[in-house]
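Here's the structure, in structure tokens; my notes come after.
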Amino acid sequence: MPELPEVETTRLGIEPCLQSQRIRTVVVRDARLRWPVAADLGARLAGAWITGVRRRAKYLLIDTSGGTLIVHLGMSGSLRVVPAATPPGAHDHVDVVLGNDRCLRLRDPRRFGSVHWSAQPERHALLARLGPEPFDAVFDGRYLRARARGRRQPVKSFLMDAHTVVGVGNIYASESLHRAGIHPCRAAARISGERYERLARSVVAVLREAISAGGTTLRDFVASDGSPGYFRARLAVYDRAGEPCVRCGTRIRRLVVGQRATYYCPTCQH
Ligand SMILES: [Zn+2]
């Protein structure tokens, strides 16, 4: 599933191809995504100029002179920029056709992604109530400590809650907790401010490293074929059950927290 680093890598890849381009039309081959794609999307966006591409949580916001296109990649979505004449594959559901005869093409085999239009994206129901970005100045140990007060839920679930902070999905929650030395099941309220400071720094560092690892795949976003431009950053614990901890050699364990597979080192994390 694309997590924040993959979405940010996508943004970095597509923005130079979209910036200042005019939208000729929008082709919707299959509107049955997680939510149906609005039938009037093409009418709204035809002729609009693209002014920038932003990211909020795991949403890509393509700003235009005619409103903002909000794209979520769901479980299996990917975007690339290809010549508009490139024959679409079975899972290429939406094209945003540009004036330069290229198009932004959404491929989504499992169709859990979504495409929306909004004149005020910050107020869109999907975005309005989200917590801060991990790279925002407000996201630090003090913020986490204050927000965790009275919460008995496992810290991993607390960290993955988009009201706490956006964009920390299952993989990077496990990785950040390992780096900070915090057991994923520890109650959120029972972690000191000092340890939360370490956790906040770990989240930011882990995400930044994953984004820079993704930088090497940028060319995939302008290729006409090939696999999605996602990468698997080098992971210390995720999906490594039974393998030695990179720090202490203890075997990594797997357990289920909040119905999600969770990996941790029983020696380093407490
Ligand atoms: Zn360890």
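The values are calculated or read from the model by the stated rules, or taken from the named source; none is laboratory data. Just so it is clear, the structure is predicted and the values come from calculations on it, not from any experiment. Using ideal geometry, Cβ is built from the backbone for each residue, glycine included, and neighbour counts are taken over all protein chains shown. For the accessible areas, the whole protein counts, side chains as well, though only heavy atoms, and no ligand, DNA or RNA atoms are used. Shrake-Rupley method; radii C 1.70, N 1.55, O 1.52, S 1.80 Å.
Just checking, does segment 62-79 include any residue being crowded, with 20+ Cβ neighbours inside 10 Å, under 30 Å from HIS163 (Cβ atoms) and out of contact with any strand residue (DSSP E or B) (no Cβ under 9 Å at 6 or more places or on another chain)? No. Scanning segment 2-20 for residues that are outside any helix (DSSP H, G or I) and surrounded by fewer than 19 Cβ atoms within 10 Å (Cβ to Cβ) turns up GLN19, SER20. The sole residue among ALA146, ALA162 that is without any contact (Cβ under 8 Å) to a residue 24 or more places away in the chain and open to solvent by 10 Å² or more (accessible area, probe 1.4 Å) is ALA146.
The set of residues in segment 170-184 being surrounded by fewer than 20 Cβ atoms within 10 Å (Cβ to Cβ) and more than 16 Å from the ligand (Cβ to nearest atom) consists of ASN170 alone. Here ARG151 fulfils each of the conditions (1) outside the structural domain of PRO87 (by TED's automatic domain parsing); (2) more than 16 Å from the ligand (Cβ to nearest atom); (3) in contact (Cβ under 8 Å) with a residue 40 or more places away in the chain apart from (3). Taking segment 242-254 as the range and being more than 9 Å from the ligand (Cβ to nearest atom) and surrounded by 15 or more Cβ atoms within 10 Å (Cβ to Cβ) as the test, the residues that pass are ARG253, ARG254. Taken over segment 27-46, the residue count meeting the criterion of being open to solvent by 30 Å² or more (accessible area, probe 1.4 Å) and either in the same structural domain as ALA162 (by TED's automatic domain parsing) or more than 20 Å from THR86 (Cβ to Cβ) (or both) is 11. Within segment 117-143, the set of residues being in a loop (DSSP other than H, G, I, E, B), touching a residue at least 60 places away in the same chain (Cβ under 8 Å) and either closer than 11 Å to THR164 by Cα or not hydrophobic (A, V, I, L, M, F, W, C) (or both) comprises LEU130, GLU133, PRO134, PHE139, ASP140.
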